[in-house]
Amino acid sequence: MSAGDVNQALLADLKANGADFFVSVPCKLLGGFISTLEQDNEITYRAVNREEEGLGICTGAYLAGRTPVMVMQNTGVGTLITSLCSLGNYYRLPFLMVVSHRGSPGEPIGAQVPMGTAVETLLQTINVPTYMFSSPSDTKKIGQLVPFASVAEGPVAAILDYDFWGAR
Amino acid sequence: MRRYELLQSIAPLLTDEFVICNLGFPSQELYSIRDTDHHFYMLGSMGLSSSIGLGLAMEIDNTVISIDGDGSVLMNLGTLSTIALEDRKNFILLIVDNGSYGSTGDQPTHTAKGTSLAAIAKAAGIASSVEVAGVDAAEKLAECLKTPGPHVIVAKVEPGSPALTPIPLSSLAIRDRFRDAVKQART
């Protein structure tokens, strides 16, 4: 499956599970997926400046009955911890974070590795259900995390590594 | 005039608008003056009242008012550019600027030393961005409620808060009654 096909399949599976409102902060790994979001007329998609802002906008959309997904790089988890706790967890806001895993095997930039190593533990420490995905065939499982966030009544994270896009 | 008196002055203007209120002290003040299911009291996540209001305004026709603080807006300045690009006619950001971090002991913020949030909002692309004295805020808000936004009102007030108690609502109660009220307004 080509990277473009993976991105199409991922969006199709997220939409099939009810996701209809997307925000993103850029990442090289997510570039193709973000283009896929930009070209889809059936969803609401907005680029935002920072993950916390994205969480705020997703919260507003959730309060209006939408099903939001935040698309972001794992480095953004570091800026998001407080708001994930005091907004996402405290108000039990169900939404999915689709997180690219920079700093994992395949990574060419050393500066990405410390956060790449910490991200899963950080999310687990604040009790955000977190799942790692490495295969292009995982898009269905990732899509199923949209309703799972409602079942779990809170934020849920899917972390997608280089192999998910066949990028190494 | 302090924030409390400012909130007293604007409360009579609120009817079917949805209000996102920033942090504990301002939320306690608004709750004690007027409480309805159209209020979302955002008790943590400092800086995100503006962004939550924007996300809501994208999805509903009612006017959305985010009540924010100067210290909080300084923590999330980037969202002013998103508010400008989004260009929602039904969104008002009311920044109650007391030049201090009121919840933590009134340490001065940078607006107390010359930073103009109205000028920053205007430079971000929100044409209707004005600074007014606190006593004039209600008149300005009434005007903004009648004209297409987005609007940013920076209302200058004195620091200080009355002694109040925490809002006796759980986070889930705040969430659910607000979400239900939005749902009703949409049908």
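The values are calculated or read from the model by the stated rules, or taken from the named source; none is laboratory data. The structure presented is a predicted model; accordingly, all values stated were derived computationally and were not measured. Here the Cβ is made from the backbone with ideal geometry for all residues, glycine too, and neighbour counts use every protein chain on show. All accessible areas refer to the heavy atoms of the entire protein, side chains included, with ligands and DNA or RNA removed. Shrake-Rupley method; radii C 1.70, N 1.55, O 1.52, S 1.80 Å.
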Open item on the list: Taking 30 Å as R0, compute the FRET efficiency from the Cβ-Cβ separation of A:Ser134 and B:Lys183 and round it to 0.05.
Closed with: 0.15
- [ ] Please identify, among A:Thr139, A:Thr44, A:Thr67, the residue showing maximal mean-square fluctuation in a Gaussian network model of chain A using a 10 angstrom Cα cutoff.
- [x] A:Thr44
Task: Average accessible surface area per residue within the range A:1-76, 1.4 Å rolling probe, Å² - done: 35
Task: Over chain B, equivalent-ellipsoid semi-axes from the Cα gyration tensor in Å - done: 22, 20, 15
Task: Sparsely packed GluC sites (Glu not before Pro) within the range A:34-111, loop by DSSP, other Cβ within 10 Å at most 16 - done: A:Glu42
- [ ] With viscosity set to 1.306 mPa s and temperature to 10 °C, compute the Stokes-Einstein D of the range A:3-165, Rh being the Kirkwood radius across alpha carbon pairs; µm²/s, no decimals.
- [x] 103
Task: Per residue, in Å², the accessible surface of the range B:66-134 once ligands and nucleic acids are set aside, probe 1.4 Å - done: 39
Task: Charge tally in the Cβ shell below 12 Å around A:Phe22, where Lys, Arg are +1 and Asp, Glu are -1, A:Phe22 excluded - done: -1
- [ ] Would you work out if the range B:1-106 is rounded, prolate or oblate? Take a ≥ b ≥ c from the square roots of the eigenvalues of the alpha-carbon gyration tensor; rounded if a/c is under 1.5, else prolate when a/b is larger than b/c, oblate otherwise.
- [x] oblate
Open item on the list: Classify the protein assembly as shown from the C-alpha gyration tensor, please: rounded if a/c falls under 1.5, else prolate or oblate depending on whether a/b exceeds b/c.
Closed with: prolate
Open item on the list: Give me a comma-separated list of calculated 3J(HN,Hα) values for the range A:157-167, in order, Karplus coefficients 6.51, -1.76, 1.60 applied at θ = phi - 60°, integers in Hz, x for any Gly or Pro.
Closed with: 10, 10, 9, 10, 9, 4, 5, 4, 9, x, 9
TODO: Would you list, by chain and number, the lysines whose Cα falls below 20 Å from the Cα of A:Lys140, excluding same-chain residues fewer than 8 positions away?
DONE: A:Lys15
Task: Label-to-label distance, nm, for residues given as A:Ile126 and A:Arg168 (7 Å Cα→Cβ offset) - done: 2.6
Open item on the list: Give me the percent relative contact order of chain B, please, defined on Cα pairs under 8 angstrom at least 6 residues apart.
Closed with: 27
Task: Under Karplus coefficients 6.51, -1.76 and 1.60, residue-wise ³J(HN,Hα) of the range B:24-34 in Hz, glycine/proline x - done: x, 4, x, 5, 4, 5, 4, 4, 6, 7, 6
Open item on the list: Quick check of the Kirkwood formula: for the range B:47-117, what is the inverse mean of 1/r over all pairs of different Cα atoms, in Å?
Closed with: 12.6
Open item on the list: Would any residue of the range A:18-45 have its amide N under 18 Å from a label point 7 Å out along Cα→Cβ of A:Met1? List them or say none.
Closed with: A:18-19, A:29-37
